[in-house]
1. Of everything in the range 69-110, what is in contact with a His (Cβ under 6 Å, 6 or more places away or on another chain) and charged (D, E, K, R)? Give them in sequence order.
2. Of all residues in the range 85-114, which are of a type in the set (D, E, K, R), crowded, with 16+ Cβ neighbours inside 10 Å and farther than 17 Å from residue 128 by Cα?
3. Just one of the numbered conditions (1) closer than 17 Å to residue 95 by Cβ; (2) buried (at least 21 other Cβ atoms within 10 Å of the Cβ); (3) in contact (Cβ under 8 Å) with a residue 60 or more places away in the chain; (4) not charged (D, E, K, R) is not true of residue 25; which one?
4. Taking the conditions exactly as written (exposed (fewer than 15 other Cβ atoms within 10 Å of the Cβ), in contact with a helix residue (DSSP H, G or I) (Cβ under 7 Å, 6 or more places away or on another chain) and not charged (D, E, K, R)), does residue 172 satisfy them or not?
5. May I ask you to list the residues in the range 51-87 that are farther than 13 Å from residue 100 by Cα and among the small types (Gly, Ala, Ser)?
6. Here are some residues: 119, 139, 128. Which one is loosely packed, with under 14 Cβ neighbours inside 10 Å, among the basic types (Lys, Arg) and at pLDDT 95 or above?
7. Out of (1) among the hydrophobic types (A, V, I, L, M, F, W, C); (2) closer than 23 Å to residue 29 by Cβ; (3) in contact (Cβ under 8 Å) with a residue 24 or more places away in the chain, what's the single condition that is false for residue 122?
Amino acid sequence: MKIVTWNVNSINVRLPNILKYLNEYKPDVLCLQELKCLDEKYPLEALHNAGYESVQTCQKTYNGVSIISKIKGQNIELNPVNITDDEKRSIAGTYHGVRVINFYVVNGQAINSDKYLHKLNWLDKASKYISEQLKLHPKLIVLGDFNIVPRKKDAYNFSADDILCSDKERDALQSIINLGLNDCYNDKTNESPYTWWDYRGGAFHRDIGYRIDLFLASQITYKSIKKYEVHKDTRHKSWCKEQPKTSDHAPVMIEIENHI
């Protein structure tokens, strides 16, 4: 089973890219973040025409997450982790027996800002939710845009004084991993680990990036992983002729054995 996480930075702007991706890579489950649209503007028909189901929780202008899949998910939860009900950052469902939790974690803006404290509170709620889910679902994956680098070498310019890299953020992420999860990143390739590059300053072509799009898997699921890939080709403007504008994130895919 192929599972993908991708912050698309507006699903409707990026729809041609998404449809091309579905056709080329044929994921079983595609989890999107930062939809930036209302439910009535979500492109359900286009996804159905491509052979996919979808569940989503949308928010105008900001946030929004969805799970697109070849089969219908079970036990769907819309927005199970939130500080306020109108903040759509989480969604969960079960696919082929694997519980998939999709997060778009708060960015945090700047250390010690109100949004930073909001981020830490959100992560605390996320940790409690994951702990409960692990008791119910031994086959579990938490994925999405975490807006946190797990390791110092996951940032081109690492500084604990910067957002995405601060001690408190990384401690909160490690507390989640310590619940019984494993970072699925494969460190055996010679490529840089990054999944996000700023639009500005030629960051992608200079490979000035961060690894903030993560897969965290329960032990039984982690042992079944066959492949980990970052599909950086989607960041090339020529990749999708119908809509050359790309997201600043690359899709990340894992493949797991179907019999787990």
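1. Answer for the range 69-110, where residues must be in contact with a His (Cβ under 6 Å, 6 or more places away or on another chain) and charged (D, E, K, R): just 99.
2. 87, 88
3. The one condition residue 25 does not meet is (2).
4. Against the criterion (exposed (fewer than 15 other Cβ atoms within 10 Å of the Cβ), in contact with a helix residue (DSSP H, G or I) (Cβ under 7 Å, 6 or more places away or on another chain) and not charged (D, E, K, R)), residue 172 does not qualify.
5. Result: 51, 54, 64.
6. Just a single option satisfies the conditions, and that option is 128.
7. Only one criterion is unmet by residue 122, namely (2).
Residues are listed down the side, and each one gets a yes or a no for (1) modelled with pLDDT of 95 or more; (2) crowded, with 19+ Cβ neighbours inside 10 Å; (3) at negative phi:
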| position | (1), (2), (3) |
| --- | --- |
| 144 | yes, yes, no |
| 154 | yes, yes, yes |
| 159 | yes, no, yes |
| 178 | yes, no, yes |
| 184 | yes, yes, yes |
| 189 | no, no, yes |
| 199 | no, no, yes |
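The values are calculated or read from the model by the stated rules, or taken from the named source; none is laboratory data. These figures come from a predicted structure and were not determined experimentally. Cβ sites come from the backbone with ideal geometry, for glycine too, and all protein chains shown count toward neighbours.
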